[in-house]
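Trainee: A single structure is presented below for examination.
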Amino acid sequence: MSDFTVLSQQYPDRSVITVRGEIDLHTCPQLARAAAIIPLSGKALHVDLSGVSFMDSSGLNLLVLLRRRLHAEGGRLAVTGLQHQPAHLLQITETYALFAADTAAADGSDDALTA
């Protein structure tokens, strides 16, 4: 089993969650807990997945739920640093554009969501 870490940082205009390891059924609850305790209220949430080489459907589901929560609270979700497999998962499930649109709105650029 690989090491899994979640680091949360807060800034005046955004919160950042940096993830390292594999996001799967066993590790997803740890990421969900970290995201749940962050007060968002209209701010952007950046999820840095540059340290994630694998993500299964539970990770995808969590990203979708986070996006819904942020939209309900007036915020935006920016997914950054996608490696090949997580990017491929978003592409084959036709959710890549969903997160790319949020990312562009959250930071004003089109390159925050990278494959």
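The values are calculated or read from the model by the stated rules, or taken from the named source; none is laboratory data. Small disclaimer: the values here were computed from a predicted structure and weren't measured. Cβ placement follows ideal geometry from the backbone for every residue including glycine, while neighbour counts extend to all protein chains displayed.
Trainee: Can you pull out the residues in region 106-115 that are part of a helix (DSSP H, G or I) and either among the charged types (D, E, K, R) or at pLDDT 90 or above (or both)?
Mentor: 107 - this is the single residue of region 106-115 that is part of a helix (DSSP H, G or I) and either among the charged types (D, E, K, R) or at pLDDT 90 or above (or both).
Trainee: Right, here's the next one. Go through (1) surrounded by 12 or more Cβ atoms within 10 Å (Cβ to Cβ); (2) closer than 27 Å to residue 92 by Cα; (3) more than 14 Å from the chain's Cα centre (by Cα); (4) not hydrophobic (A, V, I, L, M, F, W, C) one by one and return the number of the condition residue 3 breaks.
Mentor: If we test residue 3 against (1) surrounded by 12 or more Cβ atoms within 10 Å (Cβ to Cβ); (2) closer than 27 Å to residue 92 by Cα; (3) more than 14 Å from the chain's Cα centre (by Cα); (4) not hydrophobic (A, V, I, L, M, F, W, C), just (1) comes out false.
Trainee: Here's a check for you: in region 60-105, which residue that is of a type in the set (Val, Ile, Thr), modelled with pLDDT of 90 or more and part of a helix (DSSP H, G or I) is farthest from residue 47 (Cα to Cα)?
Mentor: Within region 60-105, the match that is farthest from residue 47 (Cα to Cα) is 92.
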